[in-house]
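Chemist: Got a structure here, written out as structure tokens. Questions coming.
Nothing in this text is a laboratory measurement; each read-out follows from the coordinates by a stated rule. Here the structure is a predicted model, which means the values were calculated and not measured. Here the Cβ positions follow ideal geometry from the backbone for every residue, glycine too, while neighbour counts run over all protein chains shown.
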Amino acid sequence: MTSQRAARAGADEVEVWRTIASAWKRLQRAAEKNLTRAGVTVAEFRILRALKEDGPIAMNKLCPQTMLSQPTITGIVDKLEAMSLVERVRNPDDRREVILGITSAGGEAFSRAEQIHGAFVERSLAALRKEDVAKLVDLLGRLADSSDAVAQGV
């Protein structure tokens, strides 16, 4: 957003950024609180979703799908494995690679969490009109693309 556009909107760029960051944190906290009803964290939910939707996957390939670091994924997978929600298997073609799969209990846990989270999202978005949601998706996508380009020096 240019300074002129920000001034017209009544806020400077830094304040707009702070507002977006604050809103994201509030959304994350609310989603985390909601998912605890299903017995999982947001990060655990991301991993279970990736496994449920894409099937078994090498652990090192989960980072881009879940937006989590490798050490974070390892710790979460340790916990999920202890709860019998996921299982690790060595790749028979490359024993250095660990393939992660979801168990039937993990699939059931994900389905419960998905229902709870889906209802939460639906109720949260009910405050917006459909055209507002479409505009928000467009604007956030454009902002993310712009932010990525700036971060890459484009």
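Chemist: What span do the alpha-carbon atoms of the range 44-151 cover on each of the three principal axes, reported in whole Å from largest to smallest?
Modeler: Computed over the range 44-151, the largest-to-smallest principal extents equal 49, 36, 21 Å.
Chemist: Once both axes come from the Cα atoms, what is the angle between helix 104-125 and the longest principal axis of the chain, in degrees from 0 to 90, rounded to 10?
Modeler: With both axes taken from Cα atoms, the answer is about 10 degrees.
Chemist: Summing Lys, Arg as +1 and Asp, Glu as -1, what charge do residues with Cβ under 14 Å from the Cβ of A38 carry, A38 excluded? Write down the numbers at each step before the final one.
Modeler: Details: positive: K33, R37, R46, R49, K52, R112; negative: E32, E44, E108, E114.
Net charge in that neighbourhood comes out at +2.
Chemist: For the chain, what does -39500 (n - 2.57) per DSSP helix run (n ≥ 4), summed and divided by total residues, give at 222 nm, in deg cm²/dmol to the nearest 500? Spell out each step's value before the answer.
Modeler: On the way: 7 runs with 105 residues, N = 154.
Theoretical 222 nm ellipticity from helices: -22500 deg cm²/dmol.
Chemist: Here's something else I'd like to know. Would you mind giving the average projected area, over all directions, of the Cα convex hull of the range 101-141 in nm² with one decimal?
Modeler: Values: hull surface 16.0 nm².
Projected over every direction and averaged, the Cα hull of the range 101-141 covers 4.0 nm².
Chemist: Cα-based count: Lys pairs in the chain below 29 Å, eight or more positions apart or different chains?
Modeler: For the chain, the number of qualifying lysine pairs is 15.
Chemist: Stokes-Einstein at 10 °C, 1.306 mPa s, Kirkwood radius from Cα pairs: D for the range 25-68 in µm² s⁻¹?
Modeler: 143
Chemist: Would you mind putting 92-98, 71-77, 27-33 in packing order, based on average other-beta-carbon counts within 10 Å, highest first? Show your work: numbers first, answer last.
Modeler: Working: 92-98: 9.6, 71-77: 16.3, 27-33: 12.6.
Highest mean packing first, the order is 71-77, 27-33, 92-98.
Chemist: On to the next question. Between the range 107-154 and the range 71-106, what is the C-alpha centre distance in whole Å?
Modeler: Rounded to whole Å, the Cα centres lie 28 Å apart.
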